[in-house]
Amino acid sequence: MTSTGQARAVTIAGGAFDVERIRKDFPALQFQVRGKPLVYLDSAATSQKPQAVIDALRAYYETGNANVHRGVHYLSEKATDAYERARTRIQRFLNAADPGEIVFVRGTTEGINLVAACYGRQRVGAGDEVIVSGLEHHSNIVPWQMLCAEKGAVLRVVPLDDHGDIVLEAYERLLGPRTRLVAMAHVSNALGTVNPVKQIIALAHAQGVPVLLDGAQAAPHLPVDVRDLDCEFYVFSGHKTFGPTGIGVLYGKADWLERMPPYQGGGDMIRSVTFEKTEYNVVPYKFEAGTPHIAGAVGLGAALDYLDEVGLARIAAYEHGLIAHGVAALTAVPGLRLVGTPRERGSVLSFVLDGVHAHDVGTILDQEGIAVRAGHHCAMPVMRRFDVPATTRASLAFYNTHRELDALAAGLARVREVFG
Ligand SMILES: Cc1ncc(COP(=O)(O)O)c(C=O)c1O
């Protein structure tokens with residue numbers, strides 16, 4: 001449904017990838033910024049939203065708003081139905097075995113904190129170990145650090161090589177009888193590294209160790225199949241996946257979720273309450289205390305429908321070419337060094353420009369209408385590993401074009417001029 005009556009580009013299911021038509025689905029991409037057409041290269045921070053998502057949110061609030069699971073009236077049934085349909089939509093998106101394996105959370109960060117609190121508190125003790133890698137976002141470091149501090153456990157870190165790939169032999173050596181969990185990014189937000197996750201999981205399973213994958217930078221770009229991956233937990237954020245902010249997903253294998261105690265207490269997560277004892281609800285509701293972000297779930301469902309129409313395999317193929325073009329365009333800029341040259345790169349290009357601070361690069365590009373991110377990207381250990389205070393990061397989505405990457409390279413050449 002489109003309130004504007006605008007034809008949606010994604011009706012083109014097959015055929016060539018028509019990025020110009022797809023761009024028309026994203027109102028934010030039609031704007032001018034500082035008198036120039038917006039070149040949005042900050043999708044790893046948050047993605048822009050297609051009209052279909054905006055329409056779904058609006059329709060929900062206009063004609064379907066009520067609280068879920070508690071009402072007997074028409075609107076409550078409608079909202080519950082929409083919320084549970086969104087869960088089933090996400091189950092299909094991840095190829096999970098059952099909708100009960102899909103827990104709605106606020107985002108990747110909350111999903112990881114949930115597993116740290118519920119699985120971690122129950123299963124991690126003094127002297128036990130949790131393995132992360134050197135390329136993690138702070139969201140996949142700090143919750144484990146907090147858990148380890150509380151339990152007297154140890155955080156083990158898989159090192160990175162000079163390309164920004166994890167050192168698999170070191171990982172293998174770190175796995176041992178005290179390892180209680182491996183928590184790793186599927187794709188790095190700071191370097192673009194696509195981790196060899198199937199290998200990471202197989203090696204962990206060989207030692208009976210469960211694996212959590214942080215899919216924040218993977219779900220918007222690659223088809224994810226949790227049954228094929230065989231991971232115990234997978235998390236991602238709605239707002240990076242073309243959906244609303246404030247909604248995210250924790251996938252957990254049913255038997256793991258069932259064995260975990262709940263995270264927060266409150267409404268909806270209970271079956272019965274007396275002052276003496278509370279019986280908890282079944283999964284996933286056991287982990288969804290309080291009124292959930294119903295509109296967010298509906299909006300995320302609409303985003304996944306949209307992605308399905310475009311086709312994630314086609315998106316991945318298009319982005320592959322886009323990234324190759326971006327690498328070539330940036331490498332041609334004098335004085336530019338890519339930070340991270342991994343074997344397989346996701347849709348992230350991190351770089352430093354000789355003698356110019358990343359914030360200055362970002363500020364000058366902004367004058368050209370080009371939106372990039374400058375800083376540590378919530379991955380300070382990555383900055384330390386590559387001995388840089390910060391990088392400039394251009395992050396792409398399927399609505400970006402080769403022309404925009406050329407504009408980025410031209411903008412960077414201007415930055416060089418300004419700084420002599
Ligand atoms: C790899 C990775 N993990 C976790 C997060 C945290 O996501 P959120 O802030 O949506 O919870 C991000 C956000 O940039 C990320 O890139």
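The values are calculated or read from the model by the stated rules, or taken from the named source; none is laboratory data. Note that this is a predicted model, so its numbers are computed, not measured. Cβ coordinates were reconstructed from backbone atoms using ideal geometry, including for glycine residues, and neighbour counts include every protein chain displayed. For accessibility, only protein heavy atoms count, side chains too; no ligands or nucleic acids. Shrake-Rupley method; radii C 1.70, N 1.55, O 1.52, S 1.80 Å.
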| note | Residues of the stretch 97-108 being within 16 Å of the ligand (Cβ to nearest atom) and either farther than 26 Å from Pro196 by Cα or touching a helix residue (DSSP H, G or I) at 6+ places or on another chain (Cβ under 8 Å) (or both), in sequence order, are Val103, Phe104, Val105, Arg106, Thr108
| message | Given the criteria closer than 14 Å to Ile102 by Cβ, part of a loop (DSSP other than H, G, I, E, B), open to solvent by less than 40 Å² (accessible area, probe 1.4 Å) and away from the ligand (no atom under 11 Å from the Cβ), does Val209 qualify? | response | no
| Counting only residues that are open to solvent by less than 10 Å² (accessible area, probe 1.4 Å) and either under 23 Å from Lys253 (Cβ atoms) or hydroxyl-bearing (Ser, Thr, Tyr) (or both), how many does the stretch 162-175 have? | 1
| query | Can you pull out the residues in the stretch 377-399 that are free of Cβ contacts under 8 Å to residues at least 12 places away in the same chain and not in a loop (DSSP other than H, G, I, E, B)? | reply | Arg384
| Members of the stretch 136-147 that are touching a residue at least 40 places away in the same chain (Cβ under 8 Å) and surrounded by 21 or more Cβ atoms within 10 Å (Cβ to Cβ) | Glu136, His137, Ser139, Asn140, Ile141
| said: open to solvent by 40 Å² or more (accessible area, probe 1.4 Å), of a type in the set (D, E, K, R) and either within 16 Å of the ligand (Cβ to nearest atom) or under 21 Å from Val53 (Cβ atoms) (or both): is that true of Arg87 in this structure? | reply: no
| task | Scan the strands (runs of 3 or more DSSP E) fully inside the stretch 278-376 and keep the ones with 3 or more residues being open to solvent by less than 20 Å² (accessible area, probe 1.4 Å). | result | 348-353
| request: Return yes or no: is Gly246 in a loop (DSSP other than H, G, I, E, B), under 23 Å from Leu168 (Cβ atoms) and open to solvent by 20 Å² or more (accessible area, probe 1.4 Å)? | output: no
| Yes or no: Gly111 open to solvent by less than 10 Å² (accessible area, probe 1.4 Å), within 16 Å of the ligand (Cβ to nearest atom) and either in contact with a helix residue (DSSP H, G or I) (Cβ under 9 Å, 6 or more places away or on another chain) or touching a residue at least 40 places away in the same chain (Cβ under 8 Å) (or both)? | yes
| request: With the condition kept exactly as written, say whether any residue in the stretch 124-135 is open to solvent by 10 Å² or more (accessible area, probe 1.4 Å), within 13 Å of the ligand (Cβ to nearest atom), within 15 Å of the chain's Cα centre (by Cα) and of a type outside the set (D, E, K, R). | output: no
| Yes or no: Arg385 within 23 Å of the chain's Cα centre (by Cα), open to solvent by 10 Å² or more (accessible area, probe 1.4 Å) and within 23 Å of Ile22 (Cβ to Cβ)? | no
| note | Every listed condition ((1) touching a Gly at 6+ places or on another chain (Cβ under 7 Å); (2) of a type outside the set (D, E, K, R); (3) within 16 Å of the ligand (Cβ to nearest atom)) holds for Pro159 save (3)
| task | Report yes if Ala190 is open to solvent by 20 Å² or more (accessible area, probe 1.4 Å) and among the hydrophobic types (A, V, I, L, M, F, W, C), otherwise no. | result | no
| query | Across the stretch 220-232, which residue is nearest to the ligand (Cβ to nearest atom) among those that are touching a residue at least 60 places away in the same chain (Cβ under 8 Å) and not in a helix (DSSP H, G or I)? | reply | Pro220
| query | When Val72 is evaluated against the numbered criteria (1) free of Cβ contacts under 8 Å to residues at least 12 places away in the same chain; (2) assigned to a helix (DSSP H, G or I); (3) aliphatic (A, V, I, L, M), which criterion, by number, is the only one it fails? | reply | (2)
| said: So Thr80 passes all but one of these: (1) more than 16 Å from the ligand (Cβ to nearest atom); (2) of a type outside the set (Asp, Glu); (3) touching a helix residue (DSSP H, G or I) at 6+ places or on another chain (Cβ under 8 Å); (4) under 30 Å from Asp214 (Cα atoms). Which condition number does it fail? | reply: (3)
